1. Select, from A:135, A:126, A:121, the only residue that is surrounded by 19 or more Cβ atoms within 10 Å (Cβ to Cβ) and either more than 15 Å from residue A:185 (Cβ to Cβ) or within 13 Å of chain B (Cβ to nearest Cβ) (or both).
2. For residue A:81, state whether it is surrounded by 12 or more Cβ atoms within 10 Å (Cβ to Cβ) and closer than 25 Å to residue B:56 by Cα.
3. Return only the number of the condition from (1) buried (at least 20 other Cβ atoms within 10 Å of the Cβ); (2) more than 25 Å from residue A:103 (Cβ to Cβ) that residue B:66 does not satisfy.
4. Can you tell me which of B:182, B:209 is farther than 16 Å from residue B:139 by Cα and without any contact (Cβ under 8 Å) to a residue 60 or more places away in the chain?
5. Show the residue pairs that are 6+ apart or on different chains and have beta-carbon atoms under 6 Å apart, the first residue being within the stretch B:32-61 and more than 13 Å from chain A (Cβ to nearest Cβ) and surrounded by 13 or more Cβ atoms within 10 Å (Cβ to Cβ), the second being of a type outside the set (S, T, N, Q) and not in a loop (DSSP other than H, G, I, E, B).
6. Can you find even one residue in the stretch B:4-20 that is surrounded by 15 or more Cβ atoms within 10 Å (Cβ to Cβ), in a loop (DSSP other than H, G, I, E, B) and within 14 Å of chain A (Cβ to nearest Cβ)?
7. Inside the stretch B:186-201, can you point out the residues that are farther than 15 Å from residue B:156 by Cα and either free of Cβ contacts under 8 Å to residues at least 40 places away in the same chain or touching a Phe, Trp or Tyr at 6+ places or on another chain (Cβ under 6 Å) (or both)?
8. Hey, could you check the stretch B:118-135 for residues that are closer than 21 Å to residue B:35 by Cβ and among the small types (Gly, Ala, Ser) and say which is modelled with the highest pLDDT?
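The values are calculated or read from the model by the stated rules, or taken from the named source; none is laboratory data. Computed from a predicted model, the values in this text were never measured in an experiment. Neighbour counts are summed over all protein chains in view; Cβ atoms, including those assigned to glycine, are modelled from backbone coordinates with ideal geometry.
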Protein chains: 2
Amino acid sequence: MVVKVYGPAYASPKRVIVCLIEKQIEFETAPVDLIKGENRNPEYLKLQPFGALPVIQDGDFTLYESRAIIRYYAEKYRSQGTELLGKTIEERGLVEQWLEVEAHNYHPPIYEMTVQLLFASKLGLSVDEKLVKKSEEKLGKVLDVYEGRLSKSKYLAGDFFSLADLSHLPFTQYLVGPMEKEYMIRDRKHVSAWWDDISNRPSWKKVLELY
Amino acid sequence: MVVKVYGPAYASPKRVIVCLIEKQIEFETAPVDLIKGENRNPEYLKLQPFGALPVIQDGDFTLYESRAIIRYYAEKYRSQGTELLGKTIEERGLVEQWLEVEAHNYHPPIYEMTVQLLFASKLGLSVDEKLVKKSEEKLGKVLDVYEGRLSKSKYLAGDFFSLADLSHLPFTQYLVGPMEKEYMIRDRKHVSAWWDDISNRPSWKKVLELY
């Protein structure tokens with residue numbers, strides 16, 4: 001069964017796609033244009049009632065929320081491709097912890113910066129410079145904690161690559177690329193080495209090549 | 001080994017405590033006073049570098065982020081107490097989906113309302129009425145989706161109680177109690193029945209009795 005992923009042009013669906021590649025799972029994609037409001041079409045809302053990206057369809061199973069989808073596939077195909085949940089139940093606990101840190105500490109400021117710096121002009125809105133500055137400060141403080149953590153272990157959850165690291169790829173790519181805030185990564189030695197490591201994985205290079 | 005939970009007076013640690021009760025796991029608690037800023041003490045920051053609640057200590061294993069902790073215990077003691085992750089891998093996928101919906105759709109507006117209506121005055125701040133109104137509207141739209149979902153299944157992830165439902169208990173208790181916004185639950189027939197069901201579980205009654 002080929003997994004169908006909606007909205008590959010955007011960051012959150014890329015979180016799913018890079019996971020599918022790591023797990024060697026076949027997939028196809030279906031475009032959804034947020035600027036045209038295609039995520040508010042009745043047909044789309046039947047799949048994802050909040051109008052958010054991504055959704056996957058896998059036979060007659062439909063699932064949304066990118067971090068739920070990556071957990072589902074990492075668990076379902078545990079022994080296929082890269083092990084992304086750690087080996088022990090305690091390692092998995094730490095993967096869950098850092099996935100939650102990504103979602104609740106890292107994501108809100110970087111998402112705000114993405115909206116302001118990359119999408120506001122496309123939506124005909126002016127950039128809220130004060131909000132950008134505040135978000136940048138918040139993200140900096142989060143990255144300071146990451147620097148401490150990554151000075152003690154190679155990856156966030158331990159000495160193994162996991163969903164916790166993978167989940168950072170799409171928005172951090174915006175940060176170092178089109179947002180022109182690469183200094184936030186480069187000014188922190190261990191964060192910088194971690195970013196080089198995870199962003200050079202063949203799976204992520206493939207995602208960047210495809211979309 | 002008795003699990004030590006930090007900060008039982010607050011909502012997010014209660015998410016952990018109700019889970020431990022459902023899973024029949026022994027625990028003890030350690031107070032952390034946010035108003036006094038005890039979450040910024042160096043000793044606390046060694047356990048939770050972001051200064052957030054809760055943290056657990058279980059022997060020499062330390063874990064933070066409430067939704068990571070509940071996943072960890074639901075998995076570790078799968079066959080003890082209430083099964084909270086569903087029976088099949090697809091059911092677990094849906095538990096993960098609705099846990100993410102709780103975290104990303106339900107939590108932000110209800111948390112904003114909690115801060116404004118319950119904590120602003122304790123912190124000597126004035127209530128931002130505009131923000132309360134906006135958050136209430138957002139939460140209402142989320143609850144409309146819940147109403148649709150709960151008209152088709154008894155609980156969020158299907159016809160079984162799970163972490164996804166449990167995760168809603170602490171902040172919804174604030175909503176129907178001290179925030180005096182019970183109408184938001186009662187105006188929606190299926191949400192109302194769901195709330196009666198989950199909030200009357202012995203585990204949650206025990207939490208309310210203890211803290």
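1. Just one listed residue meets the conditions, A:135.
2. Taking the combined requirement at face value, the residue does not satisfy it.
3. Of (1) buried (at least 20 other Cβ atoms within 10 Å of the Cβ); (2) more than 25 Å from residue A:103 (Cβ to Cβ), only one is false for residue B:66: (2).
4. B:209
5. B:32/B:6; B:32/B:38
6. Taking every residue of the stretch B:4-20 in turn, none turns out to be surrounded by 15 or more Cβ atoms within 10 Å (Cβ to Cβ), in a loop (DSSP other than H, G, I, E, B) and within 14 Å of chain A (Cβ to nearest Cβ).
7. Selection gives B:186, B:187, B:200.
8. Going through the qualifying residues, I end up with B:126.
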